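Notes follow the structure.
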Amino acid sequence: MLNPATGEALKAEDLYPLFAEECARQEMNTTDRWIEIPDEVRDMYRIWRPTPLVRAGGLERALGTRAHIYFKNESVSPVGSHKLNSAIPQAYYAKREGLTNLTTETGAGQWGAALSLATRHFGIDLAVYMVKVSYNQKPYRRSIMQTYGAEVIASPSMSTRAGRKIITEHPNYQGSLGTAISEAVELAVSTPGCKYALGSVLNHVSLHQTVIGLEAERQMDMAGEYPDVVIGCFGGGSNFSGVAFPFMRHNFAGETKTRFIAAEPESCPKLTRGKMRYDFGDEAGYTPLIPMLTLGHNFAPANIHAGGLRYHGAGAIVSRLRDDNLMEAVDIPQLESFEAATLFARSEGLIPAPESAHAIAAAIREARKADEAGEDRVILFNLSGHGLIDMMSYDRFFAGDLQNYSIPDSEIEANTAGLKEA
Ligand SMILES: *Cc1c(COP(=O)(O)O)cnc(C)c1O
């Protein structure tokens, strides 16, 4: 990452004002192959981990496929998604450092809900900037955060300079993760004893999420199979990295030839159509410059119902892996994602989060391709969360109110013009 003011490469210490110091060190760690999960974090993981690895026999029968489809069920966490895997260590490291407050942003509300629970457990106060469209469309996640005791503010808000600026320029702006990050960062750096926590994109978040793939590796072994394809839906990259990286290390050691597929929404296609640039993680340009596949930090994604996937860029490691063709990416239209979600719900019983539905759609595509080619295929995807608090999105799908969105090349060109090549 680069310091935007000087153009110089950042060191871990440069991130100390922003993130808990241990998170900053993990972010920049290029020497340790393994980083131990602290006992205090394991104690809380025990509430719901290990999560089940499930053979999706019902889905296989519904598709009439000979492929074997497995999913790792991260929806069983108390907050209903994988986000708690990183919220707990981040809250723990903040507490250990003596911080009293954290700030963060949330899109669909999943990260905010997770960090609300984790900070409550470790006795830290939390302020959450929630993207306005989700604040209004998904009021129950706001209620969940408030139940855990967090303060929730719709973003853009009048409480920060970044928020006031954007409201002045675009009074009806419904918010984006980029804007909410700007607000949360601004409050954190201007408040003593307070730092900022991020739920995706960064290396330390991906590191915390690898507990998903490490468990899945053991569980696939118990099932007597090994995946040919590993799939995760993709917002900033944390659940994809979490399920994929532990398997990827065997490819790099020359032991396996597993394929890895990130499933992103057609309306926010940073991995397939984004540019490899140094870009800000937020709208206002408060964060360091991250080398990433990006649609530009000013990109305003369509109001799709997979709120957790509406982010302009991809984490640095995934961006590099994709740029080097060590993994694949697919774009899933919104309607295909809800068709896949409905088929999954009717065949497996679980109602997936609209985000996770992108991974299901990609798994279904893979099963069909294997059948057409007459090949056996073992497919593993991550079910990042359940959709029980997203039923309004399903209602709109059944009412025929949802549509597909794609963006023109010219918009991507315009949004990324002027960014330094990475
Ligand atoms: C946040 C979220 C995502 C997307 O974020 P990543 O960091 O890309 O994993 C996916 N699924 C669910 C359920 C989420 O809450």
Open item on the list: So G58 ticks every box in (1) in contact with a Gly (Cβ under 8 Å, 6 or more places away or on another chain); (2) farther than 18 Å from E348 by Cβ; (3) in a helix (DSSP H, G or I) but one. Which box is left unticked?
Closed with: (2)
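Return the residue satisfying two criteria in turn: it lies in the stretch 117-165 and is of a type in the set (S, T, N, Q) and assigned to a helix (DSSP H, G or I), and of such residues it is nearest to I88 (Cα to Cα).
T119
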- [ ] Return yes when A108 is in contact with a Gly (Cβ under 8 Å, 6 or more places away or on another chain), under 25 Å from T210 (Cα atoms), surrounded by 24 or more Cβ atoms within 10 Å (Cβ to Cβ) and modelled with pLDDT of 95 or more and no when it is not.
- [x] no
Open item on the list: If M28 satisfies all but one of (1) closer than 30 Å to T191 by Cα; (2) over 20 Å from the mean Cα position of the chain (by Cα); (3) open to solvent by 10 Å² or more (accessible area, probe 1.4 Å), what's the number of the condition it fails?
Closed with: (2)
Task: helices (runs of 4 or more DSSP H) completely within the stretch 327-422 that count 3 or more residues being open to solvent by 30 Å² or more (accessible area, probe 1.4 Å) and hydroxyl-bearing (S, T, Y) - done: none
Task: Test: residue in the stretch 132-141 that is over 19 Å from the mean Cα position of the chain (by Cα) and within 16 Å of the ligand (Cβ to nearest atom) - done: yes
Open item on the list: Pairs please, first residue from the stretch 287-315 and on the phi > 0 side of the Ramachandran plot, second anywhere and within 13 Å of the ligand (Cβ to nearest atom) and not in a strand (DSSP E or B), Cβ atoms under 7 Å, 6+ apart in sequence or on different chains.
Closed with: G296/H312
Open item on the list: I'm told Y140 meets every condition in (1) touching a strand residue (DSSP E or B) at 6+ places or on another chain (Cβ under 6 Å); (2) open to solvent by 90 Å² or more (accessible area, probe 1.4 Å); (3) touching a residue at least 40 places away in the same chain (Cβ under 8 Å) except one. Can you identify the failing condition by its number?
Closed with: (1)
Task: Unique match (being within 16 Å of the ligand (Cβ to nearest atom), surrounded by 19 or more Cβ atoms within 10 Å (Cβ to Cβ) and not in a strand (DSSP E or B)) among A91, A114 - done: A114
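Here is a yes/no grid of residues against (1) within 20 Å of the chain's Cα centre (by Cα); (2) touching a residue at least 60 places away in the same chain (Cβ under 8 Å); (3) on the phi < 0 side of the Ramachandran plot:
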| residue | (1), (2), (3) |
| --- | --- |
| T342 | no, no, yes |
| S356 | yes, yes, yes |
| A359 | yes, yes, yes |
| I407 | no, yes, yes |
Open item on the list: The conditions are (1) surrounded by fewer than 20 Cβ atoms within 10 Å (Cβ to Cβ); (2) within 16 Å of the ligand (Cβ to nearest atom), and G315 fails exactly one of them. Which is it?
Closed with: (1)
Task: Qualifying residue in the stretch 332-348 (condition: farther than 23 Å from G64 by Cα and within 16 Å of the ligand (Cβ to nearest atom)) - done: yes
Open item on the list: Could you tell me how many of the residues in the stretch 117-131 are acidic (D, E) and within 15 Å of the ligand (Cβ to nearest atom)?
Closed with: 0
Task: Residues of the stretch 286-321 satisfying the condition of being among the hydroxyl-bearing types (S, T, Y) and either assigned to a strand (DSSP E or B) or within 13 Å of L271 (Cα to Cα) (or both) - done: T294, Y311, S319
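The values are calculated or read from the model by the stated rules, or taken from the named source; none is laboratory data. Just so we're clear, the structure is a prediction, and the values are computed from it rather than from any experiment. Virtual Cβ from ideal backbone geometry, glycine too; neighbours counted across all protein chains shown. What goes into the accessible areas is simple: the full protein's heavy atoms, side chains included, and nothing from ligands, DNA or RNA. Shrake-Rupley method; radii C 1.70, N 1.55, O 1.52, S 1.80 Å.
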